[in-house]
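Here is the structure we will look at, set down as structure tokens.
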Amino acid sequence: HAHRTAPPSPPMRVGVLGAGSIGCYVGILLRASSSSSSSSSSSSSIREGKGTQVTLLGRSTLLKAVESTPTLRATDIHGLDVKLAADEFLVTSDAKAMADCDVIIVCVKSVQTEAVAKQLAGVLQENGGEREKKRIVYSFQNGVRNGDILRKAFKALPNVLVAATVVNFNTVWLENNHFHTGTTPKTLFLEKVASFRGEEFLKLGTAFAKRLKISGFTVHEVCDIRPVQYGKLLVNLNNPINALSGIPIREMLSQQAYRLCVYITIREAMEVMKACKVKHVKIKIPAWAILILLRLPQWTFHIVINTVYKIDPKAKTSMLQDFERNRKTEINQLCGEIVQLGRDGGTPTPVNAKILELIKREEDQKNGNRKLSGETLLKEITAAGNIDKKKLRDISISSVAVGLFMCTVSLTGILFVWTSLTLLRSPRS
């Protein structure tokens, strides 16, 4: 009998809807995992895929950039450097290009989700030949409501499954189509595809998660994504402070006044979530640990930021990048979400309401200064939250307290070692 080999499985077709910093970065690494022509400093680990075709649907900005420089490059803080020719992708501004995709990653700003969802639903409905095709639409967006908006838009399409995702890394778009992530690890929390949705959806979701892992991402599939989204929301409350500072994240956090602004904003949000019984889970480090780090004195914080919690000097939040491009921000999905939670639960949110006001004011001032010093911003926030100088001093952990704690830890360690050596040297009966 002739030996029959199974035909090779067709490549997975992934569409990135809203190919900006995050979308292009993910798309480049997905494509590089199956491209023999990629120029990469991480050779074998990124070339184990079974074929991933990537369509980048973006603004005219992306199309002009690719026309000018026909390569796409992705790097990270650990030396990853992947470069692909632009013709490895389908780069377009036509939403109809999403029609034949197996997986669609939505990366548009939250303010655009509803309009984009309606447009995409129309494209998939009109696509007669592929209408019965099973697809998963992943929301790679900030905030906690985008998945709900997408599900509502695709309600009439039973063959389209929507899954939320939490993206826990930062990417900046540099010159010459260079996309750089300055935080590590590159973690994605994917809403797990439930088995009751059908075998085809389950296989597709599992295959996509596997391709992301092969491409170098740390992937966690979770059944309940909402607490993870709220945990990321707490971390993202750093974004408006960074946007108002007008400087990279590391430079901003190196100044105590800005750190206190972030601390006060997150603390208020945590109080509101507790009052409203909203669960949140840690993303990288627990929220309480973040609050302690933000309160540290200068010399201690610099030790931490240079050793334990490294941040690339080039890293900027997406909101600061929106300011730099004169675009509307996602402030309604960040501080606005906290203000709405407080309103629903009867808990005041003066600090987040003030930051919401400041960001909206800056959005309306095209080409404005958009740079508030740490002291100026802290003054605005403390006035809104009725935080006087004594309360502010109580928030900051003094250098003396940190010094005493470190001495206590050191003495305890010395005592433990001395006791252990004494016991080892003592004669046995």
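Data table
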{"quantity": "Pick from region 260-315, criterion out of contact with any Cys (no Cβ under 8 Å at 6 or more places or on another chain) and of a type in the set (S, T, Y), ranking: nearest to L356 (Cα to Cα)", "calculated": "Y263"}
{"quantity": "Residue count, region 377-400 (criterion: open to solvent by less than 70 Å² (accessible area, probe 1.4 Å), at pLDDT 90 or above and either farther than 20 Å from I266 by Cβ or assigned to a loop (DSSP other than H, G, I, E, B) (or both))", "calculated": "1"}
{"quantity": "Restricting region 355-366 to residues that are assigned to a helix (DSSP H, G or I) and open to solvent by 40 Å² or more (accessible area, probe 1.4 Å), the residue that is nearest to A384 (Cα to Cα)", "calculated": "E357"}
{"quantity": "Single unsatisfied condition, V144 versus (1) open to solvent by 10 Å² or more (accessible area, probe 1.4 Å); (2) in a loop (DSSP other than H, G, I, E, B); (3) β-branched (V, I, T)", "calculated": "(1)"}
{"quantity": "V166 vs. criteria β-branched (V, I, T), under 21 Å from the mean Cα position of the chain (by Cα) and modelled with pLDDT under 95", "calculated": "no"}
{"quantity": "Out of K371, K314, sole residue that is under 20 Å from the mean Cα position of the chain (by Cα) and open to solvent by 80 Å² or more (accessible area, probe 1.4 Å)", "calculated": "K314"}
{"quantity": "1 or more residues touching a Ser or Thr at 6+ places or on another chain (Cβ under 7 Å) and among the basic types (K, R): qualifying helices (runs of 4 or more DSSP H) within region 234-320", "calculated": "287-295"}
{"quantity": "Boolean, E251 is within 29 Å of E375 (Cβ to Cβ) and open to solvent by 30 Å² or more (accessible area, probe 1.4 Å)", "calculated": "yes"}
{"quantity": "Of all residues in region 97-135 being surrounded by 15 or more Cβ atoms within 10 Å (Cβ to Cβ), in contact with a helix residue (DSSP H, G or I) (Cβ under 8 Å, 6 or more places away or on another chain) and among the basic types (K, R), the one that is nearest to R327 (Cα to Cα)", "calculated": "K109"}
{"quantity": "Among (1) open to solvent by less than 20 Å² (accessible area, probe 1.4 Å); (2) in contact with a strand residue (DSSP E or B) (Cβ under 6 Å, 6 or more places away or on another chain); (3) of a type outside the set (G, A, S); (4) under 25 Å from K354 (Cβ atoms), the one test that K232 misses", "calculated": "(1)"}
{"quantity": "Only one of I285, I305 that is farther than 27 Å from V222 by Cα and either free of Cβ contacts under 8 Å to residues at least 60 places away in the same chain or open to solvent by less than 50 Å² (accessible area, probe 1.4 Å) (or both)", "calculated": "I305"}
{"quantity": "Residue in region 116-123 that is under 25 Å from the mean Cα position of the chain (by Cα), of a type outside the set (A, V, I, L, M, F, W, C) and assigned to a helix (DSSP H, G or I) present", "calculated": "yes"}
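The values are calculated or read from the model by the stated rules, or taken from the named source; none is laboratory data. In this text, all values refer to a predicted model and were calculated from it rather than measured experimentally. Don't worry about glycine lacking a Cβ; one is built from the backbone with ideal geometry, like all the others, and counts go over all protein chains shown. Please note that ligands, DNA and RNA were not included when accessible areas were found on the heavy atoms of the full protein model with its side chains. Shrake-Rupley method; radii C 1.70, N 1.55, O 1.52, S 1.80 Å.
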